[in-house]
Amino acid sequence: QQQVKQSPQSLIVQKGGIPIINCAYENTAFDYFPWYQQFPGKGPALLIAIRPDVSEKKEGRFTISFNKSAKQFSLHIMDSQPGDSATYFCAASIENSGAGSYQLTFGKGTKLSVIP
Amino acid sequence: EPEVTQTPSHQVTQMGQEVILRCVPISNHLYFYWYRQILGQKVEFLVSFYNNEISEKSEIFDDQFSVERPDGSNFTLKIRSTKLEDSAMYFCASSDAESNEQFFGPGTRLTVL
């Protein structure tokens with residue numbers, strides 16, 4: 001029930017295209033949904049995050065769509081560029097034990113390649 | 001821009017040896033985490049640490065693992081007797097008291113031979 005399922009595993013788009021990465025969760029207690037971008041040999045970097053009280057959040061070319069009833073959320077990358085080629089992870093968290101620490105549960109990742 | 005730093009970047013050890021992975025979280029952060037990522041797989045939570053004690057740990061974090069904040073800046077992960085399956089990237093992360101945005105370090109690649 002703690003799992004976050006992510007698809008697709010890999011994605012290839014042309015420059016300027018709009019890749020869409022989808023995630024689904026089971027645990028309705030999750031209340032924070034970040035997306036991380038990871039380049040080879042680097043740590044995950046926070047890209048954008050959303051809470052269940054909104055259905056969409058946009059930051060620059062990155063948009064999260066959130067469907068609370070379906071327990072799904074997705075990342076859209078507008079006008080994708082070769083520099084966006086990376087692995088993208090969705091994640092979810094829930095506050096634990098009242099201590100305020102947020103254990104992140106990650107999806108398996110999507111390797112995005114943007115072709116010039 | 002403040003960042004999480006980790007040392008060493010790569011650690012090679014023999015099976016059964018003890019290793020200590022070191023992290024310097026962002027200075028005003030209060031919550032600290034260790035995650036690991038086996039090559040090609042997803043990032044997995046190991047442990048969270050707040051107010052000088054473990055707040056949560058996963059089933060991966062067994063008796064062979066321990067964490068410590070030995071001073072006001074460092075946060076360490078110790079593996080007492082390494083196994084081959086401990087080979088992975090280990091990431092430290094930290095967050096402040098106001099949000100749960102976790103900032104990750106560049107990782108330590110642990111190779112157990």
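Points 7 angstrom from Cα along the Cβ direction at A:Ala29 and B:Asn51: gap in nanometres?
Distance between label points: 1.9 nm.
Please sort B:5-18, A:36-49 by packing, taking for each peptide the average over its residues of neighbouring beta carbons within 10 angstrom, highest first.
A:36-49, B:5-18
Mind checking A:102-111 for the average number of partner chain beta-carbons within 10 Å of each residue's beta-carbon?
6
Quick one: if the Förster radius is 41 Å, what FRET efficiency do A:Ile12 and B:Asp63 give, using the C-beta to C-beta distance and rounding to 0.05?
That gives a FRET efficiency of 0.40.
How far is it, in nm, from the label point at A:Lys42 to the one at B:Ser9 when both lie 7 Å from their Cα along the line to the Cβ?
So the two model labels end up 1.4 nm from each other.
Under a cut-off of 18 Å between alpha-carbon atoms, report the lysines in cross-link reach of A:Lys71, not counting same-chain residues fewer than 8 places apart.
A:Lys5, A:Lys57, A:Lys108
Mind checking B:40-46 for the average number of partner chain beta-carbons within 10 Å of each residue's beta-carbon?
The mean count of partner-chain Cβ atoms within 10 Å per residue comes to 6.
For A:Ala86, enumerate residues with amide H under 5 Å from its amide H, sequence gap 5+ or separate chain, H modeled in the peptide plane.
Amide H to amide H, under 5 Å and 5 or more residues apart or across chains, A:Ala86 pairs with A:Leu112.
Among B:34-47, A:6-19, how do they line up by average Cβ neighbours within 10 Å per residue, starting with the highest?
B:34-47, A:6-19
Laboratory data are not the source of any read-out in this text; all were calculated from the coordinates shown. Every value quoted in this text rests on a predicted model; they were computed, and no experiment measured them. FYI the Cβ positions are ideal-geometry reconstructions off the backbone, even for glycines, and counts take in every protein chain you see.
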